[in-house]
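The block underneath contains the structure these notes are about, expressed in C-alpha cells.
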Amino acid sequence: MQLVEQRKNKYCISKKIKMKLSNIMKIIIKYKFFHILAIPGIIYFILFHYVPILGLVIAFKDYSGLGGIQGIIDAPWVGLEHFKNLFTSPSFWKLLRNTLLISTYRLIWGFPAPIIFALMLNEVRNRRFKKIAQTISYMPHFLSWVIVSGLAIMLLSPSSGPLVPLFNALGVKPINFLGDKSYFRSVLVVSSIWKDLGWGTIIYLAAITGIPQEQYEVATIEGATRFQKIRYVTLPSIKFVITIMFILRVGKIINENFEQIFNMYSPVVYEVSDVFETYIYRRGILQADFSFTTAVGLFKSVVSLILVVISNKIVKLLGEEGIW
C-alpha cells in the first residue's frame, strides 16, 4: 500500500514539473522577441559579472600575477591570511570611515535630489521650458569624470578660478576647495549630485507618467492644492520605485565612485578621501599585490550583499514591497 502511495506521489510531482516546464516554454515562445532582445544583456552579465567570480580564489592564495590561469592554480594556498592583514592594517579603519562618510553624505543629499527635481519638472506646464530643463540636466551625465574633474579643478582653483575675484571683493583669502580637508568631501557630494541629477530623474519621471490622470482630476474636484496632490497622489504612487532605488543605493554604500575621487584627490587630502577603491588601485595595480586587493574586493562585495539584504528586510517590515 505504501509503495502504491509513493508511486502516486512521484507521478503527481512529475506531472506538476512537466506542467510548469510546459508553461515556461509557452511564455518563452509567446514573448520570444523580448527574450531575444535580452540575450546581449545576459551574455554581458555572464562574461563580466559571473565568470570573474571564479577569480575570487586568488583572495585565498598567494598569487604573484605571473603564469595566467596556471599561475593561479599553482599559487600556494594561504587561507584567510589576506583578510587578517586587511582587518589588522592601520589603513583599514581610515578607509572604512571615509567610504561610509562619503557614501552616507551622498545618500542623504543625493538620493532625494532626483525625486525632488522630478516632482518639480512634473509641475511645469510650459512644455518647451520643461524639455530644455530636462536636456540641460541630463547633459552632465554623458561627460566622463575626467572632464567633470577638470572643470571642477579649473572652477575651484585658488589662483586662477572664477571664484577668486569674488573672494578678493569680499576681502577673504581664496579657499583651496580641492586641497582642504574641510571642503573636499563637500565638493565630491555636490559634483556627484550635479552630474547624476538629470539621469536619476528619468526613472522617477517615467513612474510619474504612469500615474492615472483620473486621480489628479478627483483631487482637483476635491479642492486639493498642487502640494497636496504631490503629497497624497504623486508620492504614494511612486513609493514602490523610490523603495527599490533606495535599496539598490544602500547596497552601493561600500562601493565609492572611483573615477570621481581618483581624478579629484591628491596626497594632501588622502586622510579624508582615500576609500577602498583608490586603495585597491594603488596596492593592487601599482604595487601588483593582487591577492590582497582581491580579498579587499571580496570583503566589499560581501558587505554590499549584507546591506541589500538588511535594507530589503527593513523595507518589508515597514509594510512596503522589497526587491524579493
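The values are calculated or read from the model by the stated rules, or taken from the named source; none is laboratory data. If you're wondering where the values come from, they're calculated on a predicted model, not measured in any experiment. Neighbour counts run over all protein chains shown; Cβ positions are idealised from the backbone, glycine included.
Please go through region 64-83 and pick out each residue that is modelled with pLDDT of 85 or more and either under 31 Å from the mean Cα position of the chain (by Cα) or not in a strand (DSSP E or B) (or both). Even if it seems obvious, please write down each step before you answer.
The initial filter retains those residues of region 64-83 that are modelled with pLDDT of 85 or more, namely 76-83.
Within region 64-83, P76, V78, G79, L80, E81, H82, F83 qualify.
Residue check: is Y138 under 18 Å from E277 (Cα atoms) and in contact with a helix residue (DSSP H, G or I) (Cβ under 6 Å, 6 or more places away or on another chain)?
The answer is no for Y138.
Filtering region 250-269 down to residues that are surrounded by fewer than 17 Cβ atoms within 10 Å (Cβ to Cβ) and within 17 Å of the chain's Cα centre (by Cα), which residue is farthest from V78 (Cα to Cα)?
Only one residue fits best here, namely E259.
Of all residues in region 270-306, how many are within 15 Å of I253 (Cβ to Cβ), crowded, with 17+ Cβ neighbours inside 10 Å and touching a Gly at 6+ places or on another chain (Cβ under 6 Å)?
Residues that pass the stated criteria total 0.
Please enumerate the residues belonging to region 157-168 that are surrounded by 14 or more Cβ atoms within 10 Å (Cβ to Cβ) and either within 27 Å of the chain's Cα centre (by Cα) or among the small types (G, A, S) (or both).
Those that are surrounded by 14 or more Cβ atoms within 10 Å (Cβ to Cβ) and either within 27 Å of the chain's Cα centre (by Cα) or among the small types (G, A, S) (or both): S157, G161.
Given region 181-295, what helices (runs of 4 or more DSSP H) lie entirely inside it while holding 1 or more residues that are of a type in the set (G, A, S)?
In region 181-295, 184-209, 213-221, 239-251, 270-273 are the helices (runs of 4 or more DSSP H) which contain 1 or more residues that are of a type in the set (G, A, S).
Starting from residues that are of a type in the set (S, T, N, Q) and within 22 Å of the chain's Cα centre (by Cα), keep the ones in region 84-122 and report whichever is surrounded by the fewest Cβ atoms within 10 Å (Cβ to Cβ).
Ranking the candidates gives T104 first.
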